[in-house]
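Working notes for the structure below.
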Amino acid sequence: MGEREKLHSTVHTLSVAELAGLLHVDPQEGLSRQEVARRQREYGPNLLPEKKGPPLWALLVEQFEDFMVLVLLAATSISFLLGETADALTILAIVILNAVLGFVQEYKAERSLQALRRLHVPHCRVLREGREEIVPSAEIVPGDVIRLEAGDRVMADARLIEAFGLECDEASLTGESVPVEKTAHWIGRGDEGVGDRRNLVFMGTTVTRGTALALVYATGERTELGQVAHMLQEAGEGPTPLQVRLEQLGRWLLAAAGLTVGAVFVAGVWQGRSVYEMFLTGVSLAVAAIPEGLPAVVTITLALGVQRMIRRRAIIRRLPAVETLGCVTVICSDKTGTLTENQMTVKKLWFADGTVATVEGSGYEPVGRIHLSAHEEQTAGTLARAVEIAALCNHAEVRPDDSGSWMAVGDPTEAALLVFARKAGWPKGDAAGYRMVGEIPFESERRRMSVIVRTPAGGYRLLIKGAPDTILSRSHFVEVPGLVVAGDEMTAPICRRRPLGAGEKQRIVNASSQMAQAALRVLALAYRDLPASPATERMLRRLDPDELESGLTFVGLVGMMDPPRPQAIAAVRKARRAGIRPVMVTGDHKETALAIARAIGLDISTGAVTGQEIEAMDDRALEQIVRKVQVFARVSPRHKLRIVQALRRQGEIVAMTGDGINDAPAVREAHIGIAMGLIGTEVTKEASDMVLADDNFATIVAAVEEGRAIYENIRKSIRYLLSCNAGEVIAMFVAAVAGWPLPLLPIQILWMNLVTDGLPALALAVDPAEPGTMERPPRPPQEGVFSRGLGARILGRGLVIGLSTLAVFLWQLLASPGNLMRAQTVAFNALVFSQLLFVFQTRSERLSFFAVGVSGNPMLLLAALGSALMQLATVYWTPLAAHFHTVPLGVREWQAIFLASAWPIAFDGLIYLCRQAAAYFWLRLRPRGAQL
């Protein structure tokens, strides 16, 4: 057994000092940057083996596994056997060209999806050179000191240095269904299994409660999880609902094509045509009837759309979410950081004697004065106590970044409290004498956090912050400022405690309400002194919240400002115009929630419903409430889950944001679960369908807009490909049944379907959202592929293309009797250019071609131009003309082709002009007050 393996198997038997010695690290300082770089080279990235995507050769081979491609290869073989070498080589060349185009597009799509998977990179808080940093988890090395909090995913195997109320969910590793209690002081004997090593935390497990510092001893494949990583590799993502429906459509079209091909084959042979000719015609018609390029177009459209979402700061984790986004009817959003800036700044403090302190400055730069409404010397003691709680009951850090701007590491609320403490002069005097000995972490259900410190005087003190109602309910005393009186002179400031009566409690409640109405987020500060005694030592070992967080002394209220995001105001308006109801779901005070809701434009006519009121409702009553209320305040994660479930029962398509570990059930329950990328826990991110890179409500609305645009682009591709295919089938079927010469040769049909159709269809994937996309209500999630009249449009345009082609074909036959090749060349070009002009009309189902224009999608212009040039090459380049059996055309023939191809657009233009004229005259002649 090597040294590393021996260390891994015995690390739980070592003390922190012994392990730190073996890893050559000071746990109080962490590693230096130079040492981190050296160990990264030695140990490699902290990553598990990934399931690799298909190799390039496999992607290329897949292009030849499609059913219709196999049919074409069979036709090629038969052509060779019958001596039709030219036809065989042409078919083979078309198949290879199609395979190369498909390979290039699928390679790009695969690269896009791989980049998407890499984009969501988990991060970890690390102590290096005495400072906390947030780094990608892949950069962690053995010897790093990491900080863990509730909701964190453990990113490496580590030995606990200190732990406060720490519990971990190790079900992913050991199968244990109940969270395991962890402690830094436990030392193993050596024979304990992985699940019993209480002083270790393991990669892939989740912190469900508490906080800790831990020393990393194993990363990547050397972790316990890494040993079984081959069994845990993520399965490939399945098809989206739309892809399943299109697959079913393909099977239906295959059956229909079989009947059509059979009818044409029998009719042709009956009329005396050769079996070989009708065989190739049948194969070509089958290719024309089945849009074999459609699945690839849909996949590429989804992949490219996801890349556009990334540029708009929305990271899609599950591809089906792209479709669902276009159906969203309700967005349930947290307030802090999503609808607001998440740049918390302490603006006001209120003390029990009515003294108010106002704090200058904004942001995280610790510069600004504190102004007191009472005598500064008299209030100094109480202010010092508030500063002590703000600074010590805190895990945040503020420091300047490389550009000189101040940044926060950790929770924004704690950062705001730390900045306030720095403005008040912390640390000063004997501040360094405090030592943390215990912690009861913040939890959404408790709405408070406390730490126990050893004071410089040798005693213990519990410092606590939290929601005013929860702190007040546990407070028995109140601290008021004062001065020591010696004779006729007032000397040093003191803090006097007195019992907290009902009248004083009401005064505090009123003050909290007034601060909340001013759009301040309000926290209460309190403390409890504990004697240095055996009883206290036993309490500290138990860390029972009910036992420790009682008999508190109330100190004061802190009001923090988190202004609304300017983008959120516009996004709320945009969402409402799009038929989406924005709903604020926050843990903040009711008055604060209403003040922010009013500022961003939410409907507050129905007021706000609190978590306490939700608690008293049954499910039926809650269903009635969620129909009309847009503000929910003082809610817990359990209430969020009930709100989502009630909305779902009402038939709403719900998007729900979340950040904390307890938000994961509500996020998972929603149709679109949205995690906060900046402040969200790893657990919530893993439960989500989408991650906001900027935690901004406007990004959610932008993602909905992109989701709608992506779905519409897929419908455009379906409309284009099926209409073109229908036109080809109709032209061939009618000619065969009527006994006319066939207007198209098999080679020409293959060319159209595998080359000239494909490029414009792919270019539709990057079409921008058409005007009015966010002015329409969401589409129903059960909407079929051919809904909103798409089937009728496809059939109608197929008839137009097919019959126009037949008309110009018959005209040419009459004009040049006996010259079938020229007539077929005219029909071939009429079909191709009809399709290339039609693609611009598919850009909108609601607006005219003349309203949308051609300039919005340069890729479509290039694709159409490229297809047109390739088509002209089949007519005027002699080698290709010989293979495709075409002849050069004159001006007269091109005039006929142009007429057959362009008359639908001319007709569309005539209707557009008539509508514009009608609107103009209505505006000029309408009676006053009449509406258009």
Report task. Using a 10 Å cut-off on Cβ atoms, rank the peptides 801-810, 570-579 from the highest mean neighbour count down. Result -> 801-810, 570-579
Report task. Find the relative contact order for the chain and round it to a whole percent, using C-alpha pairs within less than 8 Å whose residues are 6+ positions apart. Result -> 12
Report task. Scan segment 758-823 for trypsin sites (Lys or Arg not before Pro) in coil per DSSP, keeping those whose Cβ has at most 14 other Cβ atoms within 10 Å, and list them by number. Result -> ARG788
Query raised in the report: What aspartates and glutamates could a cross-link reach from LYS182, if we take a straight Cα to Cα line under 12 Å and drop same-chain neighbours fewer than 8 places away?
Result: GLU162, GLU167, ASP169, GLU170, ASP196
Requested in this report: Among VAL800, ALA571, THR886, pick out the residue whose Cα is farthest towards the positive end of the charge dipole of the chain, where Lys and Arg carry +1 and Asp and Glu carry -1 on C-beta, about the Cα centre.
Outcome: VAL800
Requested in this report: Kindly identify the chain as rounded, prolate or oblate by the Cα gyration tensor criterion: order the square roots of the eigenvalues as a ≥ b ≥ c, call it rounded if a/c is under 1.5, otherwise compare a/b with b/c, prolate if a/b is larger, else oblate.
Outcome: prolate
**Report entry** Charge dipole magnitude, Cβ of K and R +1, D and E -1 - the chain, Cα centre, debye nearest 20
**Finding:** 2840
Report task. Give the shape of segment 695-824 as rounded, prolate or oblate, defined through the alpha-carbon gyration tensor: a ≥ b ≥ c are the square roots of its eigenvalues, a/c under 1.5 means rounded, and otherwise the shape is prolate if a/b is larger than b/c and oblate if not. Result -> prolate
Requested in this report: Summarise the accessible area of segment 856-932 (1.4 Å probe, protein heavy atoms) by the percent that is carbon and sulfur.
Outcome: 73
Query raised in the report: For segment 547-652, what % of the accessible area comes from carbon and sulfur atoms, probe 1.4 Å?
Result: 49
Query - Relative packing of 886-893, 352-359, which averages over residues the other C-beta atoms within 10 Å, highest first - result: 352-359, 886-893
Query - Leading residue at positive end of dipole, the chain (Cβ point charges), from ALA171, TRP811, ALA823 - result: TRP811
Query raised in the report: Once you charge only the Cβ atoms, +1 for Lys and Arg and -1 for Asp and Glu, what is the size of the charge dipole of segment 743-876 about its Cα centre, to the nearest 20 debye?
Result: 180
Query raised in the report: How large is the helix-only mean residue ellipticity at 222 nm for the chain, computed as the sum of -39500 (n - 2.57) over DSSP H runs with n ≥ 4, divided by its residue count, in deg cm²/dmol to the nearest 500?
Result: -15500 deg cm²/dmol
Requested in this report: Classify segment 614-711 as rounded, prolate or oblate from the Cα gyration tensor: take a ≥ b ≥ c as the square roots of its eigenvalues, call it rounded if a/c is under 1.5, otherwise prolate when a/b beats b/c and oblate if not.
Outcome: oblate
Query - Added length on full extension, which subtracts the Cα-Cα distance from 0.36 nm per residue, ALA256 to TRP922 - result: 234.9 nm
Report summary line: In this structure, the FRET efficiency calculated for GLN28 and GLN227 from their beta-carbon separation, with R0 = 41 Å, to the nearest 0.05, is 0.85
Report summary line: FRET efficiency (PHE64, TRP406; Cβ distance; R0 56 Å; to 0.05) is 0.40
Requested in this report: Kindly report the accessible area of the chain per residue (heavy atoms of protein chains, probe 1.4 Å, no ligands, DNA or RNA), in Å².
Outcome: 42
Query raised in the report: Among the listed pairs LYS347/LYS590; LYS335/LYS685; LYS348/LYS590; LYS347/LYS574, which are separated by more than 27 Å between their Cα atoms?
Result: LYS347/LYS574
Query - Positive-end residue of GLY587, ALA535, VAL100, charge dipole of the chain with Cβ unit charges - result: GLY587
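The values are calculated or read from the model by the stated rules, or taken from the named source; none is laboratory data. Small disclaimer: the values here were computed from a predicted structure and weren't measured. FYI the Cβ positions are ideal-geometry reconstructions off the backbone, even for glycines, and counts take in every protein chain you see. The accessibility values were calculated without ligands, DNA or RNA, using every heavy atom of the protein model including side chains. Shrake-Rupley method; radii C 1.70, N 1.55, O 1.52, S 1.80 Å.
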